[in-house]
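Written below as structure tokens is the structure these notes are about.
The values are calculated or read from the model by the stated rules, or taken from the named source; none is laboratory data. Worth saying up front: this structure is predicted, and the values here are computed from it rather than measured. Please note: Cβ atoms are built from the backbone with ideal geometry, for glycine as well, and neighbour counts cover all protein chains shown. Protein only, heavy atoms only, side chains kept; ligands, DNA and RNA dropped before computing areas. Shrake-Rupley method; radii C 1.70, N 1.55, O 1.52, S 1.80 Å.
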Amino acid sequence: MKLKYNIDSDVYQDFTNIATGLFYPLSGFMGSRDYRSVVENMELSDGSVWTIPISLDVDQITFSQARDSEKLFLVYAGAEIGYVEIEDCYEVDSRVDAEKVFKTADENHPGVRREIERNRYRVGGKVSVIEKKVFADALHPERVSEIFKKRGWRTTAGFQTRNPPHRAHEYLHRTGLEFCDGLFINPLIGWKKAGDFSDLAVMYGYQAMIKNYYPQDRVYLEG
């Protein structure tokens, strides 16, 4: 019998980021070895720098069934989007690990709160995509790199933020443009903490700044 599991929008985004290569060198959700290495040492088991675990949490029933299964099919919004080739099933202590990762146990911290609300049961393994719509609105590293090449950029400064631009951001942008051929601005769109600006406000702010204050041929914006 096919083992299925319904995922939320956060896990869907992680799945998409793995599938598109945005989370390179990850090819799937972390197994226990990589998970523990990231929590304890801020690096994958092969030594690659990585600071926050990317793991798939499941309920206890699915966890028990996964131990005797080869694949776990992921369902989002009623559709099978892909599957995990099950390589590892393990348990974590979310509270202890969240404090190590975020350096605080304060549940008002959005990362801590999100982690302790997840199931302690985890399934690790390589992911494969079934539903190609997963790629429709995703950020593709290869496509972005091709845009840089077409613009003749040999060096690029990257800037990522969850807020609209302000003077400190502008200073960093202009400094980056002094040393690099181009500037890639990549605002965080989607899940944020309470009180953050809306996605629309963030994007409009950067679009206005690029249009009115920056050399447009040297700045690329994508959320």
Revision key, fill the gap. Residues meeting the amide H criterion for Ile86 (H placed from the backbone, H to H distance under 5 Å, 5 or more places apart or on another chain) are Lys71, Leu72
**Study point:** Charged-residue dipole, Cβ positions (Lys, Arg, Asp, Glu), the chain about Cα centre, Debye nearest 20
**Key:** 680
Practice item. Of the DSSP beta bridges with both residues in the chain, give the percent that are antiparallel, rounding to the nearest 5. Key: 70
**Study point:** Positive-end residue, the chain charge dipole about Cα centroid, Cβ charges, pick of Leu22, Ser9, Ile130
**Key:** Leu22
Exercise for review: Mind putting together the pair-distance distribution for the chain? All Cα pairs, 10 Å bins, whole percent per bin, short to long.
Suggested key: 7, 27, 33, 23, 9, 1
Review point. When the dipole is taken about the Cα centre of the range 1-117, and only Lys, Arg (+1) and Asp, Glu (-1) are charged at their Cβ, what size is it in debye, to the nearest 20?
Key: 160
Review point. Counting only the heavy atoms of the protein chains, how much of Ser9 is accessible to a 1.4 Å probe, in Å² to the nearest 10?
Key: 70
Practice item. Using only Cα atoms, locate the centre of the range 33-80 and the centre of the range 131-203, then give the distance between them in Å, rounded to an integer. Key: 27
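Which whole-number value in Å² is the accessible area per residue of the range 79-223, probe 1.4 Å? Could you put the intermediate results ahead of the total?
Numbers: 8710 Å² over 145 residues.
That works out to 60 Å² for each residue.
So what is the diffusion coefficient of the range 1-51 in µm² per second by Stokes-Einstein at 10 °C and 1.306 mPa s, using a Kirkwood Rh over Cα pairs? Show your work: numbers first, answer last.
Values: Rh = 12.1 Å.
The Stokes-Einstein estimate is 131 µm²/s.
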**Study point:** Carbon and sulfur %, accessible surface of the chain computed with the full protein complex present, 1.4 Å
**Key:** 48
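Enumerate the helices in the chain for which the Kyte-Doolittle hydropathy averages -1.0 or more and the C-alpha atoms extend at least 15 Å along the helix's axis, using complete DSSP H runs.
Values: long enough: 9-20 (16 Å, -0.35); 167-179 (19 Å, -0.97); 199-213 (21 Å, 0.08).
Once both thresholds are applied, what remains is 9-20, 167-179, 199-213.
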Check your understanding: How do Lys4, Lys149 rank by accessible surface area computed with a 1.4 Å probe, from largest to smallest?
Key -> Lys149, Lys4
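How would Asp46, Asp196, Asp106, Asp137 rank on accessible area, largest to smallest, probe 1.4 Å?
On the way: Asp46 110, Asp196 35, Asp106 75, Asp137 150 Å².
Descending accessible area places them as Asp137, Asp46, Asp106, Asp196.
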Exercise for review: Could you pull out every one of the lysines with an alpha carbon less than 25 Å from that of Lys71, ignoring same-chain neighbours closer than 8 positions?
Suggested key: Lys2, Lys4, Lys126, Lys132, Lys133
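Just to verify a number: FRET efficiency for Ser45 and Leu177, C-beta to C-beta distance, R0 = 35 Å, to 0.05? Please report the intermediate quantities before stating the final value.
Values: r = 37 Å, r/R0 = 1.07.
For R0 = 35 Å, the calculated efficiency reads 0.40.
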Revision key, fill the gap. SASA check, Val123, accessible area w/ 1.4 Å probe, all protein chains in place, rounded to nearest 10 Å², comes out at 0
